[in-house]
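Asks: Take this structure, written in structure tokens, and hold onto it; I'll ask about it next.
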């Protein structure tokens, strides 16, 4: 799972292809959101291409890409907000706009204040990359409130900006995949890399769950009624 440049590129290609099909099937807003999340696989491919951090040249490029990664990562709820506001099937309520705007301001302030740190596989995270832009030097998470706000904003937008069944499906998929990633990889400091890998597969799962099913076969009475209406028009 995203333990090398080739795997990250392949995951990015698969995720973008799935997002394209999802958009073509009529779920443009969700496709745009997932396409934004999938860009983290492109970020990871670039991070893998600039290793090890002990090399001055590689470290300089790695720091720049890590900074990009922090912004792409933290602005995922903002991408969902924009996609639903522009292309969503339902109008967002005022409180969803207000909370999304508050999250945007908070995420920008927090991300601007983060210190750039080189991203590489560590003894705890190997073979995955250790996203250290959210941690202190001791490996603690001072920005945990950001991710609580992140998740709450995403789920609220999904539940209010999409039809009930689709919103609930996407919310369960978001919370469930993040929770499983945390349980399996939280102590290994690889939750972000693994969750974004799962997000790249989500378009394909949603295509299966949201595919259009044929309606019920018409009853004899319905067919007779339709035939009578046709004769009346003639």
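The values are calculated or read from the model by the stated rules, or taken from the named source; none is laboratory data. Being a predicted model, the structure only gives us computed values, none of them experimental. Note that each Cβ is placed from the backbone with ideal geometry, even for glycine, and that neighbours are counted across all protein chains shown.
Asks: Does residue 30 satisfy being in a helix (DSSP H, G or I) and closer than 18 Å to residue 174 by Cα?
Replies: Answer is yes for this residue.
Asks: Residue check: is residue 24 surrounded by 15 or more Cβ atoms within 10 Å (Cβ to Cβ) and either modelled with pLDDT of 90 or more or within 22 Å of residue 201 (Cβ to Cβ) (or both)?
Replies: no
Asks: So if I check each of 57, 10, which one is free of Cβ contacts under 8 Å to residues at least 12 places away in the same chain, closer than 30 Å to residue 113 by Cβ, more than 16 Å from the chain's Cα centre (by Cα) and part of a helix (DSSP H, G or I)?
Replies: 57
Asks: Could you tell me whether residue 173 is under 18 Å from the mean Cα position of the chain (by Cα), buried (at least 19 other Cβ atoms within 10 Å of the Cβ) and either at pLDDT 75 or above or part of a loop (DSSP other than H, G, I, E, B) (or both)?
Replies: So residue 173 does not fit the description; no.
Asks: With respect to residue 56, determine if the residue is farther than 23 Å from residue 27 by Cβ and in contact with a strand residue (DSSP E or B) (Cβ under 9 Å, 6 or more places away or on another chain).
Replies: Answer is no for this residue.
Asks: Could you check the range 130-159 and list, in sequence order, the residues that are at pLDDT 90 or above and surrounded by fewer than 20 Cβ atoms within 10 Å (Cβ to Cβ)?
Replies: 149, 151, 152, 155, 159
Asks: Here is a further query. Provide a single number: the residues in the range 68-77 that are surrounded by fewer than 24 Cβ atoms within 10 Å (Cβ to Cβ) and either under 9 Å from residue 33 (Cα atoms) or touching a strand residue (DSSP E or B) at 6+ places or on another chain (Cβ under 6 Å) (or both).
Replies: 1
Asks: On to the next question. Cβ contacts < 6 Å: first residue under 14 Å from residue 134 (Cα atoms), restricted to the range 102-113; second residue in a helix (DSSP H, G or I) and at pLDDT below 95, any location; separation 6+ or different chain. Result?
Replies: 107/74; 110/146; 111/70; 111/71; 111/74
Asks: Restricting the range 37-54 to residues that are surrounded by fewer than 19 Cβ atoms within 10 Å (Cβ to Cβ) and free of Cβ contacts under 8 Å to residues at least 60 places away in the same chain, which is farthest from residue 108 (Cα to Cα)?
Replies: In this case the residue turns out to be 54.
Asks: Applying the selection to the range 115-129, what residues are assigned to a loop (DSSP other than H, G, I, E, B) and modelled with pLDDT of 80 or more?
Replies: 117, 118, 119, 121, 129 - these are the residues of the range 115-129 that are assigned to a loop (DSSP other than H, G, I, E, B) and modelled with pLDDT of 80 or more.
Asks: Being surrounded by fewer than 18 Cβ atoms within 10 Å (Cβ to Cβ), within 22 Å of residue 199 (Cα to Cα) and in contact (Cβ under 8 Å) with a residue 60 or more places away in the chain is the filter here; which residues of the range 86-101 pass it?
Replies: Across the range 86-101, the qualifying residue is only 89.
Asks: Only one of 46, 92, 84 is part of a loop (DSSP other than H, G, I, E, B), modelled with pLDDT of 90 or more and more than 20 Å from residue 201 (Cβ to Cβ). Can you tell me which?
Replies: Among 46, 92, 84, only 92 is part of a loop (DSSP other than H, G, I, E, B), modelled with pLDDT of 90 or more and more than 20 Å from residue 201 (Cβ to Cβ).
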